[in-house]
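Scroll down for the structure; my scribbles are underneath it.
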Amino acid sequence: MSALMQTYARLPVTFSHGEGVYLVDTDGRRYLDALSGISVTNLGHAHPAVTEAIQQQAARLLHTSNLYHIAGQEALADALTAVSGMETAFFCNSGAEANEAAIKLARLYGHQRGVDKPAVIVFENAFHGRTLATLSATGNRKIQAGFEPLVSGFTRAPLNNLAAVQQIAANNPDVVAVLVEPIQGEGGIRVADDAFMQGLRALCDDRGWLLMLDEVQCGNGRAGHYFACQGMGVVPDVITTAKGLGNGVPIGACLAHGPAATVFKAGHHGSTYGGNPLACAAGLAVVNTVVNEGLAERATAAGARLRQQLTDGLQGCESLVELRGRGLMIGVQLNRDCGELVGRALAAGLLINVTAGNTIRLLPPLICSDDHLDELATGLIKLIRGFE
Ligand SMILES: Cc1ncc(COP(=O)(O)O)c(C=O)c1O
């Protein structure tokens, strides 16, 4: 029996290494990676810029502590604020921690404004992480069940329903912030409408609330802009990021703008590893590569091509309900649960994922060539047609 706690239902494969968009298993078999470790290895596996940055940093300095200034952390904060229009950054190690930072920031902001029990509006089908606060913010009972009592201070609305949010605004004077994924990942690749996002921005401005965006899955170039909100016509007060920021090296960040940028003072929040020299070297290599190589723009073009191929190839396919997404964050919803396609894809040398039961989730690396996209589309169309 394995000495690991059985928290994951793992697929029967172990990878030994990766090369760009391919992973190679311990028997030497190659797989096209259309999942990128769930939106993490956006630059592909063993990207030379990231590898070199990590190697050089590892040979010089891994860790000091946030008791001291960290040059690489300053550099990464500069790069992230420049690319996002945000003003300040707090570094941590994961998406859940980035959202914890945002939730704490919102509560402190509320207290500073005289709200004793600050509340955050969150959404149905949202996913924000597995810590107690972030699973309480998550809109999926399966994630919460068994871990009650949940953290209080969240109030939930349906996505893309501004009237529901306005109604909460009218009835709940304790609200201080809204936390939303511009594109819900775990929830089934559900895109927040531009008008909804802009409506949230206007409501937050009107009420003095913080608009906080969880871009842990959709950020770092994946949805066609460095951050997805940049294609939706909104400037938020807070953006959380992680996953793709380190291309596999654990790092997360909570970015803030306007009044939110200066809410935290010394002693309010912290993390031993957060923003350490190694993680920041990886993060800086990622941001520079995404920007310098135009990978967000590539995600738009590649996503459009892939969606067109899937639309054409799935013409007349009865099980297809909808193709959704932005850039290289694509959901293919079928008319019934299709989790078994993951195993079938694996057997065919293709790594995909199914979320929300019936939605195939595609998160291929942003460095995909047209040939890779063709390979992915052909493999996927065959799988879906074989599932009819
Ligand atoms: C939108 C979103 N937020 C937060 C998280 C949690 O990130 P992590 O697993 O790094 O804690 C995830 C992970 O899937 C996510 O997709």
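In the condition set (1) part of a loop (DSSP other than H, G, I, E, B); (2) surrounded by fewer than 13 Cβ atoms within 10 Å (Cβ to Cβ); (3) not hydrophobic (A, V, I, L, M, F, W, C), LYS142 is compliant with all but (1).
Can THR272 be described as on the phi < 0 side of the Ramachandran plot and surrounded by 24 or more Cβ atoms within 10 Å (Cβ to Cβ)? Criteria not met by THR272.
ALA169 fulfils the conditions (1) in a loop (DSSP other than H, G, I, E, B); (2) touching a helix residue (DSSP H, G or I) at 6+ places or on another chain (Cβ under 8 Å); (3) over 23 Å from THR241 (Cβ atoms); (4) among the hydrophobic types (A, V, I, L, M, F, W, C) except for a single criterion, (1). For the criterion of being at pLDDT 95 or above and part of a strand (DSSP E or B), VAL342 fails. Could you tell me whether ALA256 is more than 16 Å from the ligand (Cβ to nearest atom) and buried (at least 22 other Cβ atoms within 10 Å of the Cβ)? Yes. All of THR131, THR138 fail the test of being under 15 Å from the mean Cα position of the chain (by Cα) and within 16 Å of the ligand (Cβ to nearest atom), apart from THR138. Considering ALA281, ALA301, the condition of being without any contact (Cβ under 8 Å) to a residue 60 or more places away in the chain and under 28 Å from ALA46 (Cβ atoms) is satisfied by ALA301 alone.
Of all the numbered requirements in (1) surrounded by fewer than 24 Cβ atoms within 10 Å (Cβ to Cβ); (2) in contact (Cβ under 8 Å) with a residue 24 or more places away in the chain; (3) among the hydrophobic types (A, V, I, L, M, F, W, C), ALA202 misses one, and that requirement is (2). The residue that is surrounded by the fewest Cβ atoms within 10 Å (Cβ to Cβ), counting only those in segment 107-120 that are in contact (Cβ under 8 Å) with a residue 60 or more places away in the chain and touching a helix residue (DSSP H, G or I) at 6+ places or on another chain (Cβ under 8 Å), is TYR109.
One line per residue, one yes/no per condition, for (1) under 17 Å from MET86 (Cα atoms); (2) in the same structural domain as VAL235 (by TED's automatic domain parsing); (3) in contact with a Gly (Cβ under 6 Å, 6 or more places away or on another chain); (4) among the hydrophobic types (A, V, I, L, M, F, W, C):
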{"position": "LEU255", "(1), (2), (3), (4)": "yes, yes, no, yes"}
{"position": "ALA266", "(1), (2), (3), (4)": "no, yes, no, yes"}
{"position": "GLY274", "(1), (2), (3), (4)": "no, yes, no, no"}
{"position": "PRO277", "(1), (2), (3), (4)": "no, yes, yes, no"}
{"position": "GLY283", "(1), (2), (3), (4)": "yes, yes, yes, no"}
{"position": "VAL286", "(1), (2), (3), (4)": "no, yes, no, yes"}
{"position": "LEU306", "(1), (2), (3), (4)": "no, no, no, yes"}
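If you take the residues in segment 231-245 that are closer than 20 Å to LEU284 by Cα and assigned to a helix (DSSP H, G or I), which one is nearest to the ligand (Cβ to nearest atom)? The qualifying residue nearest to the ligand (Cβ to nearest atom) is LYS243. Of all the criteria given as (1) more than 16 Å from the ligand (Cβ to nearest atom); (2) among the small types (Gly, Ala, Ser); (3) surrounded by fewer than 23 Cβ atoms within 10 Å (Cβ to Cβ), the one not satisfied by GLY187 is (1).
Okay, residues lined up against (1) buried (at least 19 other Cβ atoms within 10 Å of the Cβ); (2) not in a loop (DSSP other than H, G, I, E, B):
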| site | (1), (2) |
| --- | --- |
| ALA304 | no, yes |
| GLN308 | no, yes |
| THR311 | no, yes |
| GLY316 | no, no |
| GLY325 | yes, yes |
| ASP337 | no, no |
| GLU388 | no, no |
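Restricted to strands (runs of 3 or more DSSP E) entirely inside segment 1-81, those with at least 3 residues that are surrounded by fewer than 13 Cβ atoms within 10 Å (Cβ to Cβ) are 15-19. Checked against the criterion of being over 22 Å from GLN184 (Cα atoms) and touching a His at 6+ places or on another chain (Cβ under 8 Å), segment 58-67 contains not a single residue that satisfies it. Inside segment 103-128, residues that are within 15 Å of the ligand (Cβ to nearest atom) and not in a helix (DSSP H, G or I) make up a count of 8.
The values are calculated or read from the model by the stated rules, or taken from the named source; none is laboratory data. Remember, it's a predicted structure, so these values are computed and weren't measured experimentally. Because the Cβ atoms are built from the backbone with ideal geometry, glycine has one as well, and the counts that use them run over all protein chains shown.
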